[in-house]
Amino acid sequence: MSARCTLVIPDAGPLNSLWVADALPLLLELAMPIVVLDAIYDEVTSDPPRYAKDRDVKAFIDGHAGKEIAIAPTFVGAQARQARAKGGFVPGRGIGDAAIVEFINGHVEQYVTPDQAVLLLFEDSDFRTIHFFRQPENVHLLSTVGLLRGLEEAGVIASADAVVDAMMRPPNPERLRYMRALTDTPAGTDLPAPLGSTWTP
(Lines give C-alpha, C1' and ligand atoms only; values in the text may rest on other atoms or scores of the structure.)
Protein backbone atom coordinates (compact mmCIF):
# COMPACT_ATOMS: atom_id res chain seq x y z
CA MET A 1 0.00 0.00 0.00
CA SER A 2 1.30 3.47 -0.87
CA ALA A 3 2.26 5.84 1.93
CA ARG A 4 -0.15 8.68 2.65
CA CYS A 5 0.85 12.09 1.41
CA THR A 6 1.77 15.32 3.09
CA LEU A 7 -0.81 17.91 2.02
CA VAL A 8 0.65 21.04 0.43
CA ILE A 9 -1.59 24.02 -0.31
CA PRO A 10 0.03 26.06 -3.10
CA ASP A 11 -3.17 27.78 -4.25
CA ALA A 12 -5.46 30.23 -2.45
CA GLY A 13 -8.54 28.82 -4.19
CA PRO A 14 -9.23 25.82 -1.92
CA LEU A 15 -8.87 27.91 1.25
CA ASN A 16 -11.18 30.59 -0.12
CA SER A 17 -13.82 28.16 -1.39
CA LEU A 18 -13.86 25.99 1.73
CA TRP A 19 -14.19 29.13 3.85
CA VAL A 20 -17.13 30.32 1.74
CA ALA A 21 -18.82 26.96 2.45
CA ASP A 22 -17.87 27.16 6.15
CA ALA A 23 -15.92 23.93 5.60
CA LEU A 24 -12.28 24.75 6.40
CA PRO A 25 -12.22 22.19 9.26
CA LEU A 26 -12.57 19.43 6.66
CA LEU A 27 -8.84 19.83 6.02
CA LEU A 28 -8.17 18.60 9.56
CA GLU A 29 -10.32 15.51 8.96
CA LEU A 30 -7.54 14.21 6.70
CA ALA A 31 -5.28 13.67 9.74
CA MET A 32 -2.18 14.35 7.66
CA PRO A 33 0.50 17.03 7.85
CA ILE A 34 -0.57 20.25 6.10
CA VAL A 35 1.93 22.68 4.58
CA VAL A 36 0.80 26.12 3.42
CA LEU A 37 3.28 28.09 1.31
CA ASP A 38 4.14 31.44 2.83
CA ALA A 39 3.17 33.31 -0.34
CA ILE A 40 -0.30 31.76 -0.20
CA TYR A 41 -0.66 32.39 3.53
CA ASP A 42 0.14 36.06 2.96
CA GLU A 43 -2.30 36.24 0.05
CA VAL A 44 -5.27 34.79 1.92
CA THR A 45 -4.64 36.68 5.19
CA SER A 46 -3.45 40.02 3.84
CA ASP A 47 -6.09 42.31 5.39
CA PRO A 48 -7.88 40.83 8.42
CA PRO A 49 -9.24 44.18 9.72
CA ARG A 50 -11.15 44.82 6.49
CA TYR A 51 -12.13 41.37 5.25
CA ALA A 52 -13.92 38.60 7.13
CA LYS A 53 -12.39 35.95 4.88
CA ASP A 54 -8.85 37.05 5.64
CA ARG A 55 -9.61 37.24 9.36
CA ASP A 56 -11.23 33.79 9.54
CA VAL A 57 -8.67 31.99 7.37
CA LYS A 58 -5.85 33.56 9.37
CA ALA A 59 -7.46 32.45 12.64
CA PHE A 60 -7.87 28.90 11.29
CA ILE A 61 -4.29 28.57 10.07
CA ASP A 62 -2.73 30.35 13.06
CA GLY A 63 -4.82 28.26 15.45
CA HIS A 64 -3.26 25.07 14.07
CA ALA A 65 0.20 26.37 13.15
CA GLY A 66 3.02 24.32 14.61
CA LYS A 67 0.64 21.38 15.09
CA GLU A 68 -1.37 20.21 12.09
CA ILE A 69 -0.28 23.10 9.84
CA ALA A 70 3.20 24.38 8.92
CA ILE A 71 3.97 27.54 6.96
CA ALA A 72 6.69 26.80 4.41
CA PRO A 73 9.09 29.70 3.79
CA THR A 74 10.11 30.43 0.22
CA PHE A 75 12.37 33.06 -1.32
CA VAL A 76 9.47 34.14 -3.52
CA GLY A 77 7.23 34.61 -0.49
CA ALA A 78 9.90 36.57 1.38
CA GLN A 79 10.38 38.91 -1.58
CA ALA A 80 6.64 39.48 -1.88
CA ARG A 81 6.40 40.20 1.85
CA GLN A 82 9.19 42.78 1.58
CA ALA A 83 7.40 44.40 -1.34
CA ARG A 84 4.18 44.58 0.68
CA ALA A 85 6.02 46.20 3.58
CA LYS A 86 7.43 48.85 1.25
CA GLY A 87 4.08 49.47 -0.44
CA GLY A 88 5.34 48.26 -3.78
CA PHE A 89 3.57 44.91 -4.02
CA VAL A 90 1.54 44.23 -7.16
CA PRO A 91 -0.73 41.15 -6.80
CA GLY A 92 -0.90 38.61 -9.58
CA ARG A 93 -0.78 34.93 -10.43
CA GLY A 94 2.98 34.91 -10.88
CA ILE A 95 3.73 34.95 -7.15
CA GLY A 96 1.90 31.74 -6.31
CA ASP A 97 3.17 29.96 -9.42
CA ALA A 98 6.77 30.88 -8.68
CA ALA A 99 6.43 29.84 -5.03
CA ILE A 100 5.17 26.34 -5.85
CA VAL A 101 7.87 25.79 -8.47
CA GLU A 102 10.48 26.84 -5.92
CA PHE A 103 8.95 24.58 -3.27
CA ILE A 104 8.77 21.48 -5.47
CA ASN A 105 12.26 22.00 -6.86
CA GLY A 106 14.03 23.05 -3.67
CA HIS A 107 12.13 22.57 -0.42
CA VAL A 108 9.90 19.51 -0.68
CA GLU A 109 12.62 17.23 0.72
CA GLN A 110 12.23 19.01 4.07
CA TYR A 111 8.78 17.46 4.42
CA VAL A 112 8.93 14.06 2.69
CA THR A 113 11.53 11.40 1.97
CA PRO A 114 12.40 10.60 -1.66
CA ASP A 115 9.98 7.64 -1.71
CA GLN A 116 7.04 9.68 -0.41
CA ALA A 117 4.63 11.95 -2.23
CA VAL A 118 3.20 15.39 -1.62
CA LEU A 119 -0.46 16.09 -2.27
CA LEU A 120 -1.01 19.41 -4.03
CA LEU A 121 -4.50 20.77 -3.36
CA PHE A 122 -5.49 23.23 -6.06
CA GLU A 123 -8.47 24.89 -7.67
CA ASP A 124 -7.36 26.99 -10.62
CA SER A 125 -8.13 25.26 -13.90
CA ASP A 126 -4.80 26.33 -15.38
CA PHE A 127 -2.75 25.04 -12.43
CA ARG A 128 -1.22 22.34 -14.59
CA THR A 129 0.34 24.93 -16.89
CA ILE A 130 2.87 25.77 -14.17
CA HIS A 131 6.32 25.05 -15.52
CA PHE A 132 7.25 22.04 -13.37
CA PHE A 133 4.65 19.94 -15.16
CA ARG A 134 4.88 17.18 -16.51
CA GLN A 135 3.64 15.76 -13.21
CA PRO A 136 6.67 14.99 -11.03
CA GLU A 137 7.12 11.45 -9.73
CA ASN A 138 6.39 12.50 -6.15
CA VAL A 139 3.42 14.84 -6.72
CA HIS A 140 -0.22 13.78 -6.30
CA LEU A 141 -2.68 16.31 -7.76
CA LEU A 142 -6.03 16.89 -6.08
CA SER A 143 -8.62 19.57 -6.77
CA THR A 144 -11.04 20.92 -4.19
CA VAL A 145 -13.92 19.03 -5.78
CA GLY A 146 -11.78 15.87 -5.94
CA LEU A 147 -11.08 16.28 -2.22
CA LEU A 148 -14.77 16.49 -1.44
CA ARG A 149 -15.59 13.46 -3.61
CA GLY A 150 -12.92 11.43 -1.79
CA LEU A 151 -14.17 12.53 1.62
CA GLU A 152 -17.68 11.43 0.67
CA GLU A 153 -16.43 8.04 -0.53
CA ALA A 154 -14.53 7.62 2.75
CA GLY A 155 -17.66 8.43 4.77
CA VAL A 156 -16.18 11.60 6.29
CA ILE A 157 -18.92 13.81 4.84
CA ALA A 158 -22.44 12.85 3.84
CA SER A 159 -22.50 14.73 0.55
CA ALA A 160 -19.78 16.32 -1.57
CA ASP A 161 -22.49 18.01 -3.64
CA ALA A 162 -23.82 19.76 -0.53
CA VAL A 163 -20.40 21.34 0.14
CA VAL A 164 -19.92 22.26 -3.52
CA ASP A 165 -23.37 23.84 -3.48
CA ALA A 166 -22.42 25.81 -0.36
CA MET A 167 -19.27 27.03 -2.15
CA MET A 168 -21.41 28.28 -5.04
CA ARG A 169 -24.43 29.43 -2.99
CA PRO A 170 -23.13 30.11 0.52
CA PRO A 171 -25.66 29.84 3.35
CA ASN A 172 -24.13 32.97 4.84
CA PRO A 173 -25.14 35.79 2.46
CA GLU A 174 -22.21 37.92 3.63
CA ARG A 175 -19.90 35.41 1.88
CA LEU A 176 -21.51 35.83 -1.54
CA ARG A 177 -18.98 38.49 -2.46
CA TYR A 178 -16.10 36.05 -1.97
CA MET A 179 -17.36 33.12 -4.01
CA ARG A 180 -15.82 32.32 -7.39
CA ALA A 181 -16.89 30.16 -10.31
CA LEU A 182 -15.59 26.60 -10.17
CA THR A 183 -13.96 25.43 -13.39
CA ASP A 184 -13.33 21.85 -12.27
CA THR A 185 -15.07 18.80 -13.70
CA PRO A 186 -18.01 17.40 -11.68
CA ALA A 187 -15.87 14.47 -10.53
CA GLY A 188 -12.90 16.69 -9.68
CA THR A 189 -9.23 15.87 -10.25
CA ASP A 190 -7.45 13.14 -8.28
CA LEU A 191 -4.21 12.06 -9.97
CA PRO A 192 -1.92 9.86 -7.83
CA ALA A 193 1.83 10.45 -7.94
CA PRO A 194 3.59 8.19 -10.44
CA LEU A 195 5.64 6.67 -7.59
CA GLY A 196 2.42 5.75 -5.78
CA SER A 197 0.36 7.76 -3.31
CA THR A 198 -2.90 7.85 -1.40
CA TRP A 199 -4.59 10.49 0.71
CA THR A 200 -8.06 9.31 1.77
CA PRO A 201 -8.59 8.77 5.51
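Checking the conditions here, which among 47, 97 is buried (at least 20 other Cβ atoms within 10 Å of the Cβ), of a type in the set (D, E, K, R) and more than 26 Å from residue 165 (Cβ to Cβ)?
Result: 97 is the single residue among 47, 97 that is buried (at least 20 other Cβ atoms within 10 Å of the Cβ), of a type in the set (D, E, K, R) and more than 26 Å from residue 165 (Cβ to Cβ).
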Exercise. Only one residue in 141, 182, 191 is closer than 30 Å to residue 114 by Cα and either surrounded by 16 or more Cβ atoms within 10 Å (Cβ to Cβ) or touching a residue at least 60 places away in the same chain (Cβ under 8 Å) (or both), so which one is that?
Worked result: 141
For this session: Could you tell me which residue of region 16-32 is modelled with the lowest pLDDT, considering only residues that are in contact with a Ser or Thr (Cβ under 9 Å, 6 or more places away or on another chain) and assigned to a helix (DSSP H, G or I)?
Result: 30
Exercise. Of all the residues that make up region 44-54, how many are within 17 Å of the chain's Cα centre (by Cα) and free of Cβ contacts under 8 Å to residues at least 24 places away in the same chain?
Worked result: 2
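Scanning region 1-26 for residues that are in contact with a strand residue (DSSP E or B) (Cβ under 8 Å, 6 or more places away or on another chain) and surrounded by fewer than 22 Cβ atoms within 10 Å (Cβ to Cβ), which turns out farthest from residue 53 (Cα to Cα)?
Among those residues, the one meeting the criterion is 1.
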Exercise. Conditions: (1) of a type in the set (D, E, K, R); (2) on the phi > 0 side of the Ramachandran plot; (3) without any contact (Cβ under 8 Å) to a residue 24 or more places away in the chain. Residue 67 meets all but one. Number of the miss?
Worked result: (2)
Problem set entry | When residues of region 33-51 are limited to those that are outside any helix (DSSP H, G or I) and out of contact with any Lys or Arg (no Cβ under 8 Å at 6 or more places or on another chain), the one nearest to residue 116 (Cα to Cα) | 33
For this session: Would you be able to tell me the number of residues in region 96-137 that are modelled with pLDDT of 75 or more, assigned to a helix (DSSP H, G or I) and either charged (D, E, K, R) or within 23 Å of residue 186 (Cα to Cα) (or both)?
Result: 3
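The values are calculated or read from the model by the stated rules, or taken from the named source; none is laboratory data. Only a predicted model underlies this, so the values are computations on that prediction, with no experimental measurement involved. When we count neighbours, we look across all protein chains shown, and the Cβ atoms used for this are built from the backbone with ideal geometry, even at glycine.
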